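Working notes for the structure below.
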Amino acid sequence: MSEWKKRLTKDLEPILHLPDPRPKLSAYNNMPYAIFRYPPEDEFEVRAEITMLQTRLEQAGKKVTRVSLAECMSAALLAENITYEELAIQERSVGLMFAIDTVHNILSEYQPLDRLVLERMPQSPDPTRDIVFITRAGALFPVYRTSSLLEQMMGTIKIPAVLFYPGELDGAAGLRFMGILDPEHNYRPRIF
């Protein structure tokens with residue numbers, strides 16, 4: 001069994017099965033969420049394991065909502081009438097950094113990613129029953145760092161949530177998005 005799969009099934013899953021996972025999931029009342037990190041190259045295997053974890057939790061009476069950051073980004077681009085083809089043309093004509101800045105600005109200002117995620121959260125959630133899985137974070141690479149998303153959602157999420165994060169641990173609380181970007185050391189949520 002891989003190291004990340006052990007952390008998923010032996011460390012994170014038992015907490016999610018608790019009647020109220022929030023106290024063990026996070027040390028902060030206004031941040032009842034955690035980060036589950038995994039090697040980016042294991043993305044498809046992790047997706048399969050997330051589906052199986054969701055099934056086990058639902059069989060135990062939990063209600064799991066999945067929020068795909070890839071779908072959120074696509075919705076943001078669609079709302080601004082920008083296609084992926086147009087971004088590719090923009091990248092070829094004015095450069096990669098301009099295309100990255102375009103998407104970053106959309107997710108930061110015009111169609112804020114935190115709002116898109118919150119819109120996909122359960123209505124009238126029960127913190128003892130509802131759990132949110134935030135997946136497909138790799139789709140944001142390299143246009144948007146998840147540390148920004150988590151900080152913006154602080155105080156707005158009331159139910160247990162887990163961000164599945166493709167990256168590497170750097171020190172006790174630092175993460176390198178996709179194992180490539182410089183480490184971000186300001187993550188406050190618990191990292192599994």
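Rolling a 1.4 Å probe over the protein heavy atoms gives segment 1-101 an accessible area of 55 Å² per residue.
When you restrict to C-alpha pairs under 8 Å that are six or more residues apart and normalise by the size of segment 1-125, the relative contact order lands at 18 percent. Give me a comma-separated list of calculated 3J(HN,Hα) values for segment 48-53, in order, Karplus coefficients 6.51, -1.76, 1.60 applied at θ = phi - 60°, integers in Hz, x for any Gly or Pro. So the Karplus estimates, Gly and Pro as x, are 5, 5, 4, 4, 5, 4 Hz. Overall dimensions of the chain, expressed as equivalent-ellipsoid semi-axes from the Cα gyration tensor (√(5λ), whole Å, largest first), are 29, 19, 16. A simple count of charges around Leu107, restricted to other residues whose Cβ falls under 12 Å of its Cβ and scoring Lys, Arg +1 and Asp, Glu -1, yields -2.
Here the Karplus curve 6.51 cos²θ - 1.76 cosθ + 1.60, taken at θ = phi - 60°, turns the phi angles of segment 87-98 into couplings of 5, 5, 5, 4, 4, 5, 7, 10, x, 4, 4, 5 Hz, with x standing for Gly and Pro.
Of the accessible area of the chain, computed with a 1.4 Å probe over protein heavy atoms only, carbon and sulfur atoms account for 53 percent. Among residues other than Arg92 with Cβ under 12 Å from its Cβ, the summed charge is -3 (Lys and Arg +1, Asp and Glu -1). You can think of it this way: the chain between Ala88 and Thr128 has 10.0 nm of extra reach, that is 0.36 nm per residue less the Cα-Cα gap. Separation of segment 103-174 and segment 1-51, taken as the distance between their Cα centroids, equals 14 angstrom. Count the net charge of all other residues whose Cβ sits under 13 Å from the Cβ of Leu57, scoring Lys and Arg as +1 and Asp and Glu as -1. Result for the neighbourhood of Leu57: +1.
The values are calculated or read from the model by the stated rules, or taken from the named source; none is laboratory data. Every value quoted in this text rests on a predicted model; they were computed, and no experiment measured them. Every residue, glycine as well, gets a Cβ built from its backbone with ideal geometry; the counts of neighbours run over all protein chains shown. The protein model used for the area step is the full one, side chains on, heavy atoms only, and it has no ligands, DNA or RNA in it. Shrake-Rupley method; radii C 1.70, N 1.55, O 1.52, S 1.80 Å.
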